[in-house]
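Everything on this sheet refers to the single structure shown next.
The values are calculated or read from the model by the stated rules, or taken from the named source; none is laboratory data. Only a predicted model underlies this, so the values are computations on that prediction, with no experimental measurement involved. Here Cβ is always computed from backbone atoms with ideal geometry, including for glycine, and neighbour counts include all displayed protein chains. Remember, those area values only see protein heavy atoms, side chains included, never the ligands or the DNA or RNA. Shrake-Rupley method; radii C 1.70, N 1.55, O 1.52, S 1.80 Å.
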Amino acid sequence: VAVLEAMSRERVSQNVRDLSPVLIEGIRKGLSDHPHVGSVQGAGFMLGIEFVADRGTRQPFDRKLKVAERLLAHALEEGVTLWPNVGQADGVSGDLVMVGPPLNSTAAEVKEVVERVVSVVRSFQMPS
């Protein structure tokens, strides 16, 4: 109960409503021309970035390439925490990473998350 009271008092839900467009649209815009980003989808402060071999057909990468896992390792080297997720295309194929900043993040912190996630994805060497 104390946690719920603190979340209400600190207006955490309102914070997420106010800043989620900054997060989601910022990452969408920052990766809009990336040849291997199939989609950026989310709600609130939870979003996923899907990676595909072919953006036009949204053909997933071959699972043995482990794109999500390799991107996660690259992100961690850059000090960015992402959550890998695989199999969303058909139960086996599909690579995505999830982004979920703390619910009490400030506007400046959300903008930093956007900048750092976009930078990490853009600097990652995707398979050919």
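Using the alpha-carbon atoms, what tilt in degrees (0 to 90, nearest 10) does helix 107-123 show relative to the longest principal axis of the chain? That works out to roughly 10 degrees. Placing a label point 7 Å from the Cα of residue 125 along the Cα-to-Cβ direction, the residues of region 55-76 with a backbone N closer than 14 Å are 70-71, 74.
The relative contact order of the chain comes to 27 percent, based on Cα pairs under 8 Å that sit 6 or more residues apart. Between the residues 121, 8, 76, the greatest Cα displacement towards the positive end of the dipole of the chain, with unit charges on the Cβ of Lys, Arg, Asp and Glu, is found for 121. Values of log10 I(q)/I(0) for the chain across q = 0.10, 0.17, 0.18, 0.21 Å⁻¹ run -0.34, -0.85, -0.93, -1.17, by the Debye formula with one identical scatterer at each alpha carbon and no solvent. Taking 7 Å steps out from each Cα toward its Cβ at residue 22 and residue 92 produces label points 4.4 nm apart. In the full protein context, the chain carries 57 Å² of accessible surface per residue, based on a 1.4 Å probe and ignoring ligands, DNA and RNA.
Ordering 20, 53, 40 by the projection of their Cα atoms onto the charge dipole of the chain, which places +1 on the Cβ of Lys and Arg and -1 on the Cβ of Asp and Glu, puts 53 at the extreme positive end. Placing +1 on the Cβ of every Lys and Arg and -1 on the Cβ of every Asp and Glu, with no other charges, gives the chain a dipole of roughly 140 debye about its Cα centre.
The helix-only estimate of mean residue ellipticity at 222 nm for the chain, built from DSSP H runs of length n ≥ 4 each weighted as -39500 (n - 2.57), is -14000 deg cm²/dmol after division by the residue total. Taking Cα atoms only, the orientation of helix 12-30 departs from the longest principal axis of the chain by about 30 degrees.
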